[in-house]
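Undergrad: Okay, here's the structure, questions in a sec.
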Amino acid sequence: MSAKTAHPATDAAGQHWVRIEQRAAETAQETGYLCAETETLLQGMARTGRKGIPVGCLGGGCGVCKVKVSAGSVRRVGPMSRAHVSVEEEAQGICLACRVAPLANVEVEVLGRLKKALGKAPGFSWSAGVAKLGASDCATANVKET
């Protein structure tokens, strides 16, 4: 595993640094981006053009974006699919990146994997497909705090 990279402090606009660690058989890669409290971890990654967390349905139904929050805290912004994340796993900081938003700087380990290649639907646009969430759309449940 590579050494942890330094990250910027939380800024005044309610954005937090998200560090993604992805483990492969013999190597580890990490990347990061700023994510607003009003967007999910997956929306923030897509907005910044970063890669690292697999992207599937964007609505919690496929489980492809499953991550473990190893540091920091997040809040749920929608129901967590029990088909992909059990209550026990959620208590251990495992969640779907499309269903949580940061409350502080966050470190996540990617657990989800694409089982088959997904094609881009004709006419699909990331900017149209990744909408901003308003505060009224969000439940306030911590997945994990450290």
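Bear in mind that the values in this text are calculations on the coordinates, not laboratory data. Everything numeric here is computed off the predicted structure, so don't read it as measured data. Methodologically, a virtual Cβ is constructed for each residue, glycine included, from the backbone with ideal geometry; neighbour enumeration extends over all protein chains shown.
Undergrad: For the pair Gln92 and Cys57, how long in nm is the line joining their label points, each one 7 Å along Cα→Cβ?
TA: Taking the two extended label points, one gets 2.3 nm.
Undergrad: Further question: Would you mind computing, in nm to one decimal, how far apart the modelled labels at Arg50 and Ala83 are, each placed 7 Å from Cα along Cα→Cβ?
TA: 2.9 nm
Undergrad: How would Glu89, Glu21 line up from fewest to most surrounding beta-carbon atoms within 10 angstrom?
TA: If I rank by nearby Cβ atoms, fewest first, I get Glu89, Glu21.
Undergrad: Just how large is the dipole of the range 15-114 about the Cα centre, in debye to the nearest 20, putting +1 at every Lys and Arg Cβ and -1 at every Asp and Glu Cβ?
TA: Roughly 260 debye, rounded to the nearest 20.
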